[in-house]
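The values are calculated or read from the model by the stated rules, or taken from the named source; none is laboratory data. Note that the coordinates shown come from a computational prediction; the quantities given were computed from them, not determined experimentally. Reconstructed Cβ throughout: ideal geometry from the backbone, glycine too, with neighbour counts over all protein chains shown. Protein only, heavy atoms only, side chains kept; ligands, DNA and RNA dropped before computing areas. Shrake-Rupley method; radii C 1.70, N 1.55, O 1.52, S 1.80 Å.
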Amino acid sequence: MTVSLRNAVLSALAVIHTVDAAAKIPVRVADTPAPVLHRQPACAGNAACTCQVLRATFTDTNATLLPSDGATYSDFEDENYSAACRLPAACIVSPKNAQEVSTAVRILTQSGTKFAVRSGGHNYIPGFASVDAGGVLISLSNLNSTVLSGDKKSAKIGPGSRWQEVYQTLTPQGLTVVGGRVGPVGVGGLMLGGGLSYFATQRGLAFDNVKSYEVVLADSSIVTATADNQYSDLYKGLRGGAANFGIVTNYELYTYPVGNFYVDARAYSPDQTSDFLRAIAEYQKEGQLDPLSSVSIQLVETGPTILLLYNEPAQQPKAFDAFYKLGSYQPILPAFNGSLLDVLGLTGSRFSSGNVRTYGETFTHKADADLMVELYDIFTQEIANLPSGASAVWVPNPIAASVATAGKQRGGNLVGLQEVPQQWYEWFITWVDPAQDQTILDVSQRITQRCTDAAKAKNLSLPYLFMNTAGKTQEVLNSYGVANVNTIKATAAKYDPGQVFQKLLNDGFLIRNL
């Protein structure tokens, strides 16, 4: 790129709007004209050209990586959890703060260049946190700080942080936040999708526990949204509206005291599967009424496994009686009382590398033992059709009615949860051969359709689709209900009137798809 072009670009970017709501500085949002997607004459939407502008603007080491950077670029590309999501972006730009995210948004908007945004890369839908050679990937991995407030009642957390890092900072202080259950998962995607935690029965979803959001809007301004400032509608919109409004560059989460947990990890034999599923339903009727209890479940070919967690030291808490009654089991490790970091250690400190591809979908129904057995039978019938080398995991998440209640008590969200005991599923399939992609997708969609039909036949189906584990074609936003969808649309129209995120964001659960 010529010196004159570089200087022109830098001059155009010299003034970046940074707005702190508390400072009461005016901001261009709904009361000014929509930002127009002007195309730089030198780039005109050409991603390779835009990457040269980005590289001239962000000059720190590895701040803008091109495929020609070889192994370094590949390392950044491979951060995506599923190999199917490792798409060859024209470049990967890694801003180090909100101001640099703002600068990147302005360059992309003015050049009309397609882009994707990645926090941790755990989403397994190709194109959601990745983009091909026709676009730019914004990696938020450098926005990875966790800063505890002076009064220790909240913590500001970057979207590029991993939950393991967050807890390593807070746990020694005797504190935690409502966040992810698996250490390597990134903060940003989990928070936008809702976020299940080990504290959901007590405190609702992760995004129900946000004090403030720092957001880069489509016009490149930076705002802080809280429940009671001039951006309260944006604050509410981000509790379900995902990436339709801007790029969140910081989450301020309320902190809560945390001590040791009772931890008991068990494996059961395949011939106990039906009884195990019925035990889950029994737990939801009685044991889950104890808000200190939490379970994490997987069913695989070798049988069910469960992690029993109780949010204080104990010995065989009564909340888990339904599982104790199952009789024989294989301890994955002896039961113990340990810290949240000990719990996360059981899930691993990083995702496995290699060429493993992952895909799954979700659905929801009211808690019912007979239906749970029927649905797992459907799942096993369908995965019998998987191609060689593929395997599948069935993950029922028992959700207490209090999860919806806690959300309402904390200001409400936009996902439309009903206050009843329910099951959210996050089953998934793994494979290696890209030639099997369509077969896997076909099997996945049959599983979803048959299970949904079975739940409807028993009048037990619920509309809600959990964004964090939903599949590519699932209508997540519509599952929230008409009123909530209309709120999301109105919020997007106010904060992105030029539809930058609808026109240029590569993919996602966007209102443009409704």
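Assorted remarks:
- The number of residues in region 104-142 that are surrounded by 22 or more Cβ atoms within 10 Å (Cβ to Cβ) and farther than 30 Å from F428 by Cβ comes to 8.
- Tally, over region 306-334, of residues that are of a type in the set (A, V, I, L, M), farther than 24 Å from G174 by Cα and open to solvent by less than 60 Å² (accessible area, probe 1.4 Å): 5
- A Cβ distance below 8 Å, combined with a sequence gap of six or more or placement on separate chains, defines the contacts here; from region 475-497, residues that are of a type in the set (V, I, T) and crowded, with 18+ Cβ neighbours inside 10 Å reach residues that are at pLDDT below 95 and not in a helix (DSSP H, G or I) in the pairs V485/L514.
- Pairs, first at positive phi in region 120-145, second open to solvent by 30 Å² or more (accessible area, probe 1.4 Å) and not charged (D, E, K, R), C-beta under 6 Å, six or more apart: G121/Y81; G127/N506
- In summary, helices (runs of 4 or more DSSP H) completely within region 254-348 and bearing 1 or more residues that are polar (S, T, N, Q) and within 20 Å of P421 (Cβ to Cβ) occur at 273-285.
- Remark: S212 falls outside the filter, which requires a residue to be of a type outside the set (K, R) and either in contact with a helix residue (DSSP H, G or I) (Cβ under 7 Å, 6 or more places away or on another chain) or assigned to a helix (DSSP H, G or I) (or both).
- Identity of the residue in region 252-275, among the aromatic types (F, W, Y) and touching a Gly at 6+ places or on another chain (Cβ under 8 Å), that ends up farthest from L308 (Cα to Cα): Y268
- Condition check for Y425: surrounded by 17 or more Cβ atoms within 10 Å (Cβ to Cβ), of a type outside the set (S, T, N, Q), touching a Cys at 6+ places or on another chain (Cβ under 9 Å) and under 19 Å from I125 (Cβ atoms): yes
- Matching residues, region 65-89, being more than 17 Å from S141 (Cβ to Cβ) and in contact with an Asp or Glu (Cβ under 8 Å, 6 or more places away or on another chain): A84, P88
- Every condition in (1) surrounded by fewer than 22 Cβ atoms within 10 Å (Cβ to Cβ); (2) touching a Leu at 6+ places or on another chain (Cβ under 9 Å) holds for E419 except the one numbered (2).
- Taken together, G160, G188 contain a single residue that is under 19 Å from A243 (Cβ atoms) and in contact with a helix residue (DSSP H, G or I) (Cβ under 8 Å, 6 or more places away or on another chain), which is G160.
- Taken over region 288-305, residues that are open to solvent by 10 Å² or more (accessible area, probe 1.4 Å) and small (G, A, S) amount to 2.
- Taking region 476-500 as the range and being within 16 Å of G240 (Cα to Cα) and of a type in the set (A, V, I, L, M, F, W, C) as the test, the residues that pass are V476, L477, V482, A483, V485, I488, A490, A492, A493.
- Restricting region 64-85 to residues that are hydrophobic (A, V, I, L, M, F, W, C) and within 24 Å of the chain's Cα centre (by Cα), the residue that is surrounded by the fewest Cβ atoms within 10 Å (Cβ to Cβ): A83
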